[in-house]
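FYI, it's all coordinate maths here, none of it is from the lab. Note that this is a predicted model, so its numbers are computed, not measured. Here Cβ is always computed from backbone atoms with ideal geometry, including for glycine, and neighbour counts include all displayed protein chains.
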């Protein structure tokens, strides 16, 4: 793994799109996960990121003093929850090499490279993230935090959770068993690449 990639502390996954990209707002799809971290670990990572941004911005201004720094950030703090949300485009069109397809490396807790499972919310993860500078005309500069790899410490698979409700003795026990047929068909079509753009 590149020495430009930073490993985060262990955090809890919220809204993970790691096995399958999120196509909701971008036709090419985006891999992403909101990682909720302990406050001290979040602050350490945020401080490191902000120091990197300042360093890269100062370097870039040497060749273009008119550059303005973007205020966008992958870090969030709300109601005592400290999170970082790195992202990685799944497909990106390059003017020089054409279509580039990205995937996210996945490692188990022992550090072995594995196939990405269907990671669900509540999984305990470490992330490999890479800060990369960007510029847009005429004078905008910023740094994105790209998602490069995931280490799964404790897996909660999507769709593996048990029922919300426990049994109530003496209550209604009839009714036809619920079928997951439609859900399974939808899942199958997604795995086969049947998406609407």
Residue-span extension gain [residue 4 to residue 157] - 0.36 nm each, minus C-alpha spacing: 52.1 nm
When segment 21-98 is reduced to its Cα atoms, the Kirkwood hydrodynamic radius in Å: 15.1
Mean separation of Cα contacts under 8 Å, 6 or more apart, over the residue count of segment 6-160: relative contact order %: 30
Segment 6-160: mean projected area of Cα convex hull, nm²: 10.7
Residue 95 versus residue 132: modelled label distance in nm, points set 7 Å from Cα along the beta carbon direction: 1.6
Relative contact order (%) - criterion: Cα under 8 Å, at least six apart; region: segment 1-96: 33
Length released on extending from residue 60 to residue 140, taking residue separation times 0.36 nm less the Cα-Cα span: 27.7 nm
